[in-house]
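The values are calculated or read from the model by the stated rules, or taken from the named source; none is laboratory data. The structure displayed is predicted, hence computed values, not measured ones. Quick reminder, even Gly has a Cβ in these numbers, built from the backbone with ideal geometry, and neighbours come from all protein chains shown. Side chains included, ligands, DNA and RNA excluded: accessible areas come from the protein's heavy atoms. Shrake-Rupley method; radii C 1.70, N 1.55, O 1.52, S 1.80 Å.
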Amino acid sequence: DAACKNRPLDLVFIIDSSRSVRPEEFEKVKVFLSEMIDTLDVGERTTRVAVMNYASTVKVEFPLRTYFDKASMKEAISHIEPLSAGTMTGLAIQTAMDEVFTEEMGTRPATFNIPKVVIVVTDGRPQDQVQDVAASARTAGIEIYAVGVDRADMQSLRIMASEPLDEHVFYVETYGVIEKLTSKFRETFCAVNVCALGTHDCEQVCVSNGGSYLCDCYEGYTLNPDKRSCSAVDMCAPGRHECDQICVSNNGSYVCECYEGYTLNLDKKTCSAVDTCAPGRHDCAQVCLSNDGSYSCDCYEGYTLNPDKKTCSAVDMCAPGRHDCEQVCVRDDLFYTCDCYQGYTLNPDKKTCSRAITSSLVTTEESCKCEAIAALQDSVTSRLEALSTKYILF
């Protein structure tokens, strides 16, 4: 009956590959897993499957979020290799709780009411304390089926399995007949799938629930009070997003952006201030001053910012009020020097001026120079007169 599909599950197989499981027997376990997958309604919104392999250590072969089609799951199972060591069943169940049954690894939220199911397949006795770990798993809402093969310890199977035990503990004599459990599990998991019959009135997603169904919505939508139709969620409402600055709603999802002057970090959530004064980011002619994601322009000493707030002009250092010269300011490129009017001299402070003092006294050196000049003039005059008299007499 096509309508008889298993109800959606988050199903984890935990298989024993300790040294007591011979290679050919382990291959039988892999066949059993593949046949089980064939009976399941596998898919992202139906049954999700994970496989764990354990001995003394535990290996998650693939989590619930990896494959949503049977072919891919069966291909991955065919490549599983035995670990060939001890039998740490408790460690395997604990790892399932810590690393597999998490939303990050593909487990659906508790609000979806999807059963969490574990099927443990082992042929030996656990070498660790499985009782407390199994009890914790059951308390966490995980339903445990225990499958024992050949030398499996029945008491250990009963300790780890969920109640009622006669529905959760199975035993087969050899790995060669383990596949007969496939039909048993199909009967256990099968339920009338009202969603498959097409008689539901869910707007988006129908979730089979025993002989009934529940409606659900795609990610980014929320179920309306009528429990049938869906409305887009405002993903940018307070508390719904992780954006540091700006949240932009995007068809049931959202993206983060930043204020002007900031840039989005690699985590696509937080923002960092941009160095707005980095080369090529500003249009200041001389000096750029960064200011919390923005910037302002300034000028070098001797220049003033123009009205456009970007370019600069040289300052007239001799303009009134810009210098401290007492009398005359002489501009010198971007600087200035002081000078004085005629008849005044610049004081040592290079700013103020004092009237120049003219002395009427003649120094000794100057007096000597005058006397020498006078004597020379007298000598020349006398000589000229003598010559004049001589020429007259003759």
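Some observations on this one:
- Rounded to the nearest 500, the 222 nm mean residue ellipticity of the chain from helices alone is -7500 deg cm²/dmol, with -39,500 (n - 2.57) taken per DSSP H run of at least 4 residues.
- Label positions at ASP153 and ASP69, each projected 7 Å from the Cα along the C-beta direction, are separated by 4.4 nm.
- Percent of alpha-carbon pairs separated by more than 20 Å within segment 4-190: 48 percent
- Residues ALA140 and GLN204, FRET efficiency given R0 of 45 Å [Cβ-Cβ distance, rounded to 0.05]: 0.95
- Comparing LYS70, LYS350, LYS268 in a Gaussian network model of the chain where C-alpha atoms under 10 Å apart are linked, the largest mean-square fluctuation is found at LYS350.
- Over 32 Å between alpha carbons, listed pairs LYS59/LYS227; LYS74/LYS184; LYS30/LYS227; LYS227/LYS268; LYS74/LYS227; LYS116/LYS180: LYS59/LYS227; LYS30/LYS227; LYS227/LYS268; LYS74/LYS227
- A Förster radius of 25 Å, combined with the Cβ-Cβ distance separating ARG22 from ARG186, puts the computed FRET efficiency at roughly 0.35.
- Label zone at ASP132 (point 7 Å along Cα-to-Cβ), backbone N below 16 Å, segment 5-47: none
- Taking all protein chains into account, the per residue accessible area for segment 275-315 stands at 65 Å² (1.4 Å probe).
- Highest-MSF residue in the chain out of ARG322, ARG383, ARG151 [GNM, Cα springs under 10 Å]: ARG383
- Listed options for Cα extents along the principal axes in Å are (i) 64, 59, 42; (ii) 177, 55, 40; (iii) 181, 53, 32. The value calculated from this structure is the one marked (ii).
- Only Lys, Arg (+1) and Asp, Glu (-1) charged, at Cβ; the chain dipole about Cα centre in debye: 160 debye
- The packing ranking of peptides 35-43, 341-349, 306-314, highest mean first, is 35-43, 306-314, 341-349, where packing means the average number of other beta carbon atoms within 10 angstrom of each residue.
- Each Lys and Arg contributes +1 and each Asp and Glu -1, all at the Cβ; summed about the Cα centre of segment 30-71, the dipole is approximately 180 debye.
- Accessible surface of the chain [probe 1.4 Å, protein heavy atoms]: carbon and sulfur percent: 50 percent
- Shape index of segment 252-350: Rg/Rh, with Rg the Cα radius of gyration and Rh the Kirkwood radius from the inverse mean 1/r over Cα pairs, equals 1.34.
- Given charges at Cβ of Lys, Arg, Asp, Glu: segment 4-190 dipole, positive-most of GLY90, ALA140, GLN129: ALA140
- ASP267-LYS350 pseudo-label distance in nm [points 7 Å out on the Cα-to-Cβ vector]: 5.8 nm
- A Förster radius of 51 Å, combined with the Cβ-Cβ distance separating GLU260 from ASP324, puts the computed FRET efficiency at roughly 0.70.
- Percent of beta bridges antiparallel (DSSP, the chain, rounded to nearest 5): 60 percent
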